[in-house]
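Chemist: After the structure tokens below, expect a handful of questions from me.
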Amino acid sequence: MNNKNYLVLKNITKVYDDGYVAVKDINISVNKGEFVTLLGPSGCGKTTILKIISGFESPTSGGVYVNDIDIQDMPINQRPTATVFQDYALFPNMDVYHNIVYGLKAMLKILPIPDEAQQEINTIYEKAAIKAHYEINKCNLSMQKAIRQRWKVDEKYKKYEQIFSIQNIRHAQFELRNKFLLAKLKKHCGEDATFKISASNRRRELNALIRQRIFKQPVLIKYSYLGLNRWEKAYLEFRRWYFYKQLIDRKHDLLQNEINKLQKEISYWENYPTYCKEAYLKQKYSRKLNAREIAAKAKHIIDLVGLTGSEKKYPNELSGGMQQRVALARALVVEPDILLLDEPLSALDYKVRQQMQLELKRIHKEVGITFILVTHDQGEALSLSSKIVVMSKGSVEQIDTPKRIYDTPKNDWVASFVGKANIFEGVYLKNKRVSFNNEEFNVKEELSKKMSPGQQVKFIIRPEDIRIVEQNKGIINARVVESVYKGDTYSLRLKWKEHLILVETLESLPQNKVVGLDWFAEKVHIMTEKKKRNPNEFKI
């Protein structure tokens, strides 16, 4: 078994029927036994990824591989995964014990295979492999044909610049852009802005739509925009080109659906020999677990998650933390290779949540299987994970260890989302020096090797890395604007020129006091990668 890259998500994209892109071109590799956290704000695609791994959602394109086997067409009950849901999903009419053993009733135990049966098993596998090879070749030929046809259709997007610029826009994004342009119209032409389009213009517009719908031609005639301002022109042109693009979209979608269907068929036939072999073994050399075996597995898991003594209680008699333990035990008892956790601690209060975090870490260490956690809590991700996948708007921003995510974020979005950060813009000079608002200071030597003099850079300094010293004895002087007591620390906001700087300190400072701020060069991290703008975002 390959422990490295045990679970691989390759080019995963999920687009819903309304055109909403939940995740786009996601590539994640997980080693066996890792504790991986998908971290990001609500709506960034974390749970969609989890559903795709578990089989509750199918990707629009891309593949999910476990130990180099494509499981995209594998039924949910046959996948090597178990899921702990956010809302526990316990059976209210069953006690703790029967909730936990529910999945064991369908679990099979493989019996020893006699030597004389091995030849028959090999024959079944070889016959299935021959059939699978024939079907895969047939699917590959069909796929090559569909890919060539899709390429020809995709070339039509590039034929006109107006269509190419809106190629990725579908109905949901069209509505957003439409609202954006209408808002611009109201802003520049007043709330009562109306189109004063002549009858001849309306006839031309109708003729253009007929040419689009019937003769499949784009709008090429020059319209008379007499009396229309530039926002009215932009609104009309955008709609006309989008309607023509829809004709290309329909052909593209039909071919893409055909390609996706063929990919699933290929995935099925690649695993077909293994399915045939396993079906034979289950039929001839397996049995259901008996009551004694079920009880032994249940006792082991009950002790592991700390539910001893609560076996006869019902879910409504348990606290939130205890119910979460039951849900965790029910998932672990079926011995999955991958445990999926969909924000399991979000409904718990702070103290119980902290306790359950420690329990999760302990259980992961004891069972040694792969954990994949979804959360928007940065502290939870940093304390539990061996690897963090930071996500934003359906894309992966950074994949790294918790320490590197916090200390060396890839861009300013990651820096501001994971923990608190002071983010500044400056210019790299030379000899490990950065200029910021006419102030100069040192940066890390390994970072400076990648910089060139005069290069615009962004850099971060964490609030806890800034030291407060006496006035004129630090790198800069700043005035205290606000001091907030956080229990174990004080959170200070200080003003330096037009910048607000956050500092975490053990002592409070009076408002308007001027102090010096100092930091070590190794605490400054330069970011050269800019956060890419989402093409579906429109701001007025």
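The values are calculated or read from the model by the stated rules, or taken from the named source; none is laboratory data. Here the structure is a predicted model, which means the values were calculated and not measured. Neighbour counts are summed over all protein chains in view; Cβ atoms, including those assigned to glycine, are modelled from backbone coordinates with ideal geometry. Surface areas here come from the heavy atoms of the whole protein model, side chains and all, with no ligands, DNA or RNA. Shrake-Rupley method; radii C 1.70, N 1.55, O 1.52, S 1.80 Å.
Chemist: Could you please tell me which pairs satisfy a Cβ distance under 8 Å, a separation of 6+ or placement on different chains, a first residue in the stretch 132-157 that is basic (Lys, Arg), and a second residue that is assigned to a helix (DSSP H, G or I) and open to solvent by less than 70 Å² (accessible area, probe 1.4 Å)?
Modeler: Close Cβ pairs satisfying both conditions: Arg150/His252; Arg150/Leu255; Arg150/Gln256; Arg150/Ile259; Lys156/Ile163; Lys156/Ile248.
Chemist: Which is open to solvent by 50 Å² or more (accessible area, probe 1.4 Å), under 11 Å from the mean Cα position of the chain (by Cα) and either polar (S, T, N, Q) or over 18 Å from Asp400 (Cβ atoms) (or both), of Asn27, Asn11?
Modeler: Answer to the selection: Asn27.
Chemist: Oh, and also: Condition first: in contact with a Ser or Thr (Cβ under 7 Å, 6 or more places away or on another chain) and either surrounded by 12 or more Cβ atoms within 10 Å (Cβ to Cβ) or of a type in the set (Asp, Glu) (or both). Now tell me which residues in the stretch 462-494 satisfy that.
Modeler: Ile468, Ser483, Thr489, Tyr490, Leu492
Chemist: So which residues in the stretch 307-345 are touching a Lys or Arg at 6+ places or on another chain (Cβ under 9 Å), in a loop (DSSP other than H, G, I, E, B), within 30 Å of Pro41 (Cα to Cα) and open to solvent by 40 Å² or more (accessible area, probe 1.4 Å), if there are any at all?
Modeler: Within the stretch 307-345, Asp337 is the sole residue that qualifies.
Chemist: Which residues, taken from the stretch 35-60, are farther than 18 Å from Pro344 by Cα and open to solvent by 30 Å² or more (accessible area, probe 1.4 Å)?
Modeler: Hits for the stretch 35-60 are Glu57, Ser58, Thr60.
Chemist: Exactly one condition in (1) open to solvent by 30 Å² or more (accessible area, probe 1.4 Å); (2) in contact (Cβ under 8 Å) with a residue 24 or more places away in the chain is false for Pro75; which is it?
Modeler: If we test Pro75 against (1) open to solvent by 30 Å² or more (accessible area, probe 1.4 Å); (2) in contact (Cβ under 8 Å) with a residue 24 or more places away in the chain, just (2) comes out false.
Chemist: Which condition does His364 not pass, out of (1) open to solvent by 20 Å² or more (accessible area, probe 1.4 Å); (2) more than 17 Å from the chain's Cα centre (by Cα); (3) more than 25 Å from Arg79 (Cβ to Cβ), if it passes all the others?
Modeler: The single condition His364 does not satisfy is (3).
Chemist: Scan the stretch 276-288 and report the pairs whose first residue is hydroxyl-bearing (Ser, Thr, Tyr) and surrounded by 12 or more Cβ atoms within 10 Å (Cβ to Cβ) and whose second residue is modelled with pLDDT under 85 and assigned to a strand (DSSP E or B), with Cβ atoms within less than 9 Å and a gap of 6+ or a chain change.
Modeler: Tyr285/Ile110; Ser286/Leu108; Ser286/Lys109; Ser286/Ile110
Chemist: Is there a residue in the stretch 386-401 that is open to solvent by less than 40 Å² (accessible area, probe 1.4 Å), among the charged types (D, E, K, R), in contact (Cβ under 8 Å) with a residue 40 or more places away in the chain and assigned to a helix (DSSP H, G or I)?
Modeler: Scanning the stretch 386-401, I find no residue that is open to solvent by less than 40 Å² (accessible area, probe 1.4 Å), among the charged types (D, E, K, R), in contact (Cβ under 8 Å) with a residue 40 or more places away in the chain and assigned to a helix (DSSP H, G or I), so the answer is no.
Chemist: May I ask you to verify whether Ala478 is modelled with pLDDT under 90, touching a Lys or Arg at 6+ places or on another chain (Cβ under 7 Å) and not basic (Lys, Arg)? Please lay out each step first, then the result.
Modeler: Numbers: modelled with pLDDT under 90: no; touching a Lys or Arg at 6+ places or on another chain (Cβ under 7 Å): yes; not basic (Lys, Arg): yes.
Here the answer is no, as Ala478 does not meet what is asked.
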